[in-house]
Amino acid sequence: MQVSQTTVDPSEIAKFEAMAAEWWDPSGKFKPLHMLNPCRLDYITGQIAAEFDRDLSAQRPFAGLRLLDIGCGGGLLSEPMARLGAEVVGADAAGGNLPVARIHAEQSGLEIDYRHTTAEALAEAGEQFDVVLNMEVVEHVADPLSYLTACRQLLKPGGLHICSTINRNPKSFAVAILGAEVVMRWLPRGTHEWSKFITPDELIELLKNSGVTPVDRKGFVFNPVSWRWSLSDRDLSVNYVTASIKQG
């Protein structure tokens, strides 16, 4: 299918631009992502290593791989991918995020190609990647299928697409909205819209319809006692992640 010119939702972009300066503050508005990041990285690096037969104990195991971090924000995933040797393009429709990302990368001695653009624009330009990271973005776009189709077009044959989002059920409302936004105040109220959350079965169907083949899915589970996130094969009740392959 052909993708629409853009799936960007201007109201969603405005929310994240308003918080841009706090991306690298582990106690700021992006505290939940900082807490989740080690768990996300475990999943991402494991999937990339398995798909491309890379040794994670090597110094730069992802050297030679071109990777897109779509919805990169301040670069919380782009930077570790660059450290692992990947050629990284970080793209975000919220332009206010990118100066923060560029300055932090420069201070960290990393070369990352940050761009104020969309998945659709990159696909139209013919960009191709071995890996597309699409983390906590799909619940913020106006047309998930068109957006995911653009992500598929950006993959080389045999490429890997990793997509995470939030399930839609009463528990996710209690945890992701009431808990994170109202009780803990980790995020400003209105950051998420429960009606835009996507169930795992819905996301798998969307991924298939976009033209990729889902090969794995896991839950991200928060333990309030240890105050840590972990991966789960069974519990996808709130946050979860999928891996898909572009055949060919």
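The values are calculated or read from the model by the stated rules, or taken from the named source; none is laboratory data. For clarity, every value in this text was computed on a predicted model and none was experimentally measured. Every residue, glycine among them, receives a Cβ derived from its backbone with ideal geometry; neighbour counts consider all protein chains shown. All accessible areas refer to the heavy atoms of the entire protein, side chains included, with ligands and DNA or RNA removed. Shrake-Rupley method; radii C 1.70, N 1.55, O 1.52, S 1.80 Å.
The alpha carbon centroids of the range 123-180 and the range 202-224 are separated by 9 Å. Beyond 30 Å between alpha-carbons counts as too far, so tell me which of K29/K208; K29/K246; K29/K218 fall in that bin. As for pairs spanning more than 30 Å Cα to Cα, those are K29/K208; K29/K246.
Taking the Cα centre of the chain as origin and assigning +1 to Lys and Arg Cβ atoms and -1 to Asp and Glu Cβ atoms, the resulting dipole is close to 520 debye.
R83 sits with roughly 120 Å² accessible to a 1.4 Å probe, with DNA, RNA and ligands left out of the calculation. Normalising the average separation of contacting C-alpha pairs (under 8 angstrom, six or more residues apart) by the number of residues puts the relative contact order of the chain at 19 percent. Summary of packing: across the peptides 200-212, 133-145, the per-residue average of other C-beta atoms within 10 Å ranks them, highest first, as 133-145, 200-212. Selection among A101, C72, N223 by position relative to the dipole of the chain gives N223 as farthest towards the positive end (Cβ unit charges, Cα centre). Taking the range 103-168 as the region of interest, what is the percent of Cα-Cα pairs per 10 angstrom bin, listed from the shortest bin to the one with the maximum distance? The calculated distribution, bin by bin, is 19, 45, 29, 7. Taking amide H as placed 1.01 Å from N in the peptide plane, A93 has its amide H under 5 Å from the amide H of G71, T117, each at least 5 places away in sequence or on another chain. In this calculation the C-beta distance from K208 to D143 is compared with R0 = 25 Å, giving a FRET efficiency of 0.90. Using the Cβ-Cβ distance between A63 and D233 with R0 set to 30 Å, the FRET efficiency from 1/(1 + (r/R0)^6) comes to roughly 0.45. In units of the compact-protein estimate 2.2 N^0.38 Å, the range 48-132 shows a Cα radius of gyration of 1.08. Name the residue from L207, N239, S57 whose Cα lies farthest towards the positive end of the charge dipole of the chain, charges +1 on Cβ of Lys and Arg and -1 on Cβ of Asp and Glu. Farthest towards the positive end: N239. The listed residues E127, E111, once ranked by accessible area (1.4 Å probe) with the largest placed first, stand as E111, E127. Under the Kirkwood approximation for Rh and a Cα-based Rg, what ratio Rg/Rh is obtained for the chain? A ratio of 0.93. If both residues of a DSSP beta bridge must be in the chain, then about 50% of such bridges are antiparallel.
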